[in-house]
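Have a look at the structure below before the remarks.
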Amino acid sequence: MKFDRFIDRQDSLERIKEALQRQHPQFIVIYGRRRIGKSTLIKEILTGNDVYFLSDQTNEANQRMLFAKSISDIIPRFDKMVYPDWETLLLELNERISKRIVVCLDEFPYMVKSCAALPSVIQKLLNGRTLRFDLIICGSSQQLMQGYVLDRKEPLYGLANEIIKLAPIPVPYICQALGVDETTAVEEYAVWGGIPRYWELRADYPDQGTAIRRLILDTKGILAEEPQRLLRDDLRDTVQTSTILSIIGNGANRITEIAARAGKEATQISEPLSKLRELG
């Protein structure tokens, strides 16, 4: 089965392109759940003259070194210098670019985890209006990304020129993605939802049944532990939410019934249910 890699997302694509054509450098925030297609969308926009950095969970000094190495692809020998902090590194990049470029920091929450002061550093540079490059930050933790830009107490609140939350792709596009008819599309969507990475994985198998067995039901399948990974992205306590989801999955659809099976009062599960709806 052939997979059409980039589908839908035209509205988001146009919003970002339009922002990047404005007179002054832009600060753009993109977020959404894991595997929703954030990195793919960004890579549709970036050129060989831009900087794309995918953060990991190493310490601050190592992340600066890796970021400097990414920059060296467009500025030779940029990584030969040791940068003592993020402000120094970003200002040096600002000084050495000869034209406006785009810098993308993917999985931004990992960077903040290793350096809690990074949002304040970016706030200082944005408020100073000295940046000569467009900055895109991106992340899979919906709760953290929303907090960085929508919480009044956070340094980056009110500074973004565009905030884009990617939602699952609507069902008609799975026809295009997997090359199937409308009836089959509904059947496939019932399993994989609107998550393009799941569609991409599904396309590697000859039929739906095989894909379900190999990807989901097999304990070694790549999606076997996906629910827990998604919950860990945004929730400290995954036990209660996992329990609620399991109860719903076994047929309970009323709050009183869900609460009874969980051994809780209905009022005790209203907050976790609300959080699950918010996270999609």
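Taken together, the values in this text are just the output of simple stated rules run on the coordinates, not laboratory data. It should be emphasised that the depicted structure is a prediction, and the values quoted were computed from it without experimental measurement. Neighbour counts are summed over all protein chains in view; Cβ atoms, including those assigned to glycine, are modelled from backbone coordinates with ideal geometry.
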Q.
Pairs of alpha-carbon atoms within less than 8 angstrom and 6+ residues apart define the contacts here; what relative contact order does region 10-165 have, in percent?
A. 36
Q: In nm, give the distance between the simple-model label positions of Ala167 and Ala116, each being 7 Å from the Cα along the Cα-to-Cβ direction.
A: 3.6
Q: Can you tell me how much longer the chain between Thr88 and Lys264 gets when fully stretched, taken as 0.36 nm per residue apart minus their C-alpha distance, in nm with one decimal?
A: 58.1 nm
Q. Roughly how many whole Å is it from the C-alpha centroid of region 190-235 to that of region 98-130?
A. 33
Q: Pick out which of Pro119, Pro76, Pro172 has the largest mean-square fluctuation in a Gaussian network model of the chain, springs linking Cα atoms closer than 10 Å.
A: Pro76
**Q.** Estimated FRET transfer efficiency when R0 is 45 angstrom, pair Ile74-Thr256 (beta carbons, to 0.05)
**A.** 0.15
Q: Go through region 202-238 and name the trypsin sites (Lys or Arg not before Pro) that are in a DSSP coil and have 12 or fewer other Cβ atoms within 10 Å of their Cβ.
A: Lys220, Arg236
Q: Give the distance, in whole Å, between the Cα centre of region 46-65 and the Cα centre of region 12-35.
A: 18
**Q.** Around Asp181: net Lys/Arg minus Asp/Glu count, Cβ-Cβ under 14 Å
**A.** -3
Q: Report relative contact order for the chain in percent, whole number only (criteria: Cα-Cα under 8 Å, sequence separation at least 6).
A: 23
Q: Would you mind calculating the relative contact order of region 235-280 from Cα pairs under 8 angstrom and at least 6 residues apart, reporting the percent as a whole number?
A: 34
Q | Per principal axis, descending, Cα span of region 1-120 in whole Å | A | 46, 32, 30
Q | Normalised per residue, the volume of the convex hull around the Cα set of the chain (Å³) | A | 156
Q. Expressed as a whole percent, how much of the Cα-Cα distance distribution for region 235-280 exceeds 16 Å?
A. 27
